[in-house]
Amino acid sequence: MAKRKKNENLAEQLQVKPGAKVALDRIDPDFTGGYEKKSAQKISERNSERLRALQELMYAEHKRSLIICLQALDAGARTAPSATC
């Protein structure tokens, strides 16, 4: 897999299109999207809050579902991304 560019739209890079096959062994585990750890943690905290709010709306609607798949390099999570996981 070609190296992903830092300035590309991160959401587009990470999105899996319906019906697409994913080969995790072809994804660079060192990919950071151009983010440093401290700035990524702040963004992650904001996104977690937003995901919680959106999850509540989706639950109330009773029409859609969402799966978020996270992979840890050491196959373990030291902190859960959300209390609802």
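What to note about this one:
- Residue in segment 29-54 that is surrounded by the fewest Cβ atoms within 10 Å (Cβ to Cβ), counting only those that are in a loop (DSSP other than H, G, I, E, B) and among the hydroxyl-bearing types (Ser, Thr, Tyr): Thr32
- Here is the figure for segment 7-28: residues that are in a loop (DSSP other than H, G, I, E, B), open to solvent by 70 Å² or more (accessible area, probe 1.4 Å) and charged (D, E, K, R) total 3.
- Residue that is least open to solvent (accessible area, probe 1.4 Å) [pool: residues in segment 55-73 that are farther than 19 Å from Leu14 by Cα and of a type in the set (A, V, I, L, M)]: Met58
The values are calculated or read from the model by the stated rules, or taken from the named source; none is laboratory data. Since the structure is predicted, the reported quantities are computational estimates derived from the model, not experimental observations. So basically every Cβ, Gly included, is an ideal-geometry build from the backbone, and we count neighbours across all protein chains shown. These accessible areas exclude ligands, DNA and RNA; they are computed on the full protein's heavy atoms, side chains included. Shrake-Rupley method; radii C 1.70, N 1.55, O 1.52, S 1.80 Å.
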